[in-house]
Amino acid sequence: MEKTRMGVVVIGQSPRPTIAAEIAAVVSPHFEIDLRGALDGMTRAEIDAIPPKDGADSLFTLLPSGDAVKISKKEVEARAARQISRFAEEGVAVTLMACTGKFPNLPEDGKVIFPSAVLHKLVEAVLPKGRLGVFSPLAEQSALIHKKWERDGVEVVGVTLQPGSDEAAVDAAAAEMAALQPDLVVMDCMSYSSANKARVRHTYKGPVVLGIATAARIVEELLS
């Protein structure tokens, strides 16, 4: 069977084998995952020179080296737009923007899937009211969680968990979340893994939505 290309743009740099593996784990084997980075071609010094201006401008990513960095959303948007345009020029029908942040300056033409929009609509559908727990990577992002997720009838509780953390840190964050007694938990970063989710479920027994798996399944549905 001929492979179907799935364009993926990460906010950092390629390669990101863990991201590609998480996507491959939930989509059909006939998909070819073509992953590129918004910051591809930049040196570490150039990346360090685009720090976020404030919490609203903050994005978290893991570089291929494994280093965790905070970068400016505004700078990422401009560079991601070029990669998205390249995919479109090459005939890729749908590209996944591999970040759960909101990107108002990127095209909303149906050719790009934004996980943030997918997750919000899913949560609205399955949790019309109740308490929503949200894991996010940065403390400064956690401060904005309520504004991002709250709506009538829904109370939001947030816990900071940096992707790439060891099992002890994941267990501690899971225990903190479980103590807040949410009805549903969202792992609001594409760098969270299925292993993270499984670890959280050891402590928190309710439903957990993993951002990367949810978004990848939507892209598969559109391309199949």
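The values are calculated or read from the model by the stated rules, or taken from the named source; none is laboratory data. Just so it is clear, the model here is predicted, and its values are computed rather than measured. Cβ placement follows ideal geometry from the backbone for every residue including glycine, while neighbour counts extend to all protein chains displayed. With ligands, DNA and RNA removed, areas are computed over all heavy atoms of the protein, side chains included. Shrake-Rupley method; radii C 1.70, N 1.55, O 1.52, S 1.80 Å.
FRET efficiency for the residue 217 to residue 146 pair, using the beta carbon distance and R₀ = 25 Å, is estimated at 0.35.
Cross-link pairs exceeding 21 Å between alpha carbons, from the set 3/121; 53/102; 111/148: 3/121; 111/148. Indicate the gyration tensor shape class of region 40-182 (rounded, prolate or oblate), computed on the Cα atoms with a ≥ b ≥ c the square roots of the eigenvalues: a/c under 1.5 is rounded; otherwise a/b larger than b/c is prolate and the rest oblate. Note, shape of region 40-182 comes out oblate.
How about residue 74: which aspartates and glutamates have a C-alpha closer than 14 Å to its C-alpha, ignoring those fewer than 8 places off in the same chain? Here the aspartates and glutamates satisfying the reach criterion relative to residue 74 are 54, 57. Mind listing which GluC sites (Glu not before Pro) in region 49-125 are in a DSSP loop and have 12 or fewer other Cβ atoms within 10 Å? For GluC sites (Glu not before Pro) across region 49-125 that sit outside H, G, I, E and B with at most 12 neighbouring Cβ atoms in 10 Å, the list reads 90, 108. By DSSP, the beta bridges lying fully in the chain are antiparallel in about 20 percent of cases.
In terms of its C-alpha gyration tensor, region 91-140 has an oblate overall shape, because the principal axis ratio a/c (a ≥ b ≥ c, square roots of the eigenvalues) is not below 1.5 and a/b does not outweigh b/c.
The calculated 222 nm mean residue ellipticity attributable to helices in the chain amounts to -11500 deg cm²/dmol, summing -39500 (n - 2.57) over DSSP H runs of n ≥ 4 and dividing by all residues. Around the amide H of residue 186, modelled in the peptide plane, lie the amide H atoms of 133, 134, 135, 209, all under 5 Å away and 5 or more residues distant in sequence or on another chain. Using only side-chain charges placed at the Cβ, +1 for Lys and Arg and -1 for Asp and Glu, the dipole size of region 104-224 relative to its Cα centre rounds to 200 debye.
With protein chains left intact and a 1.4 Å probe, residues in region 32-115 average 47 Å² of accessible area per residue.
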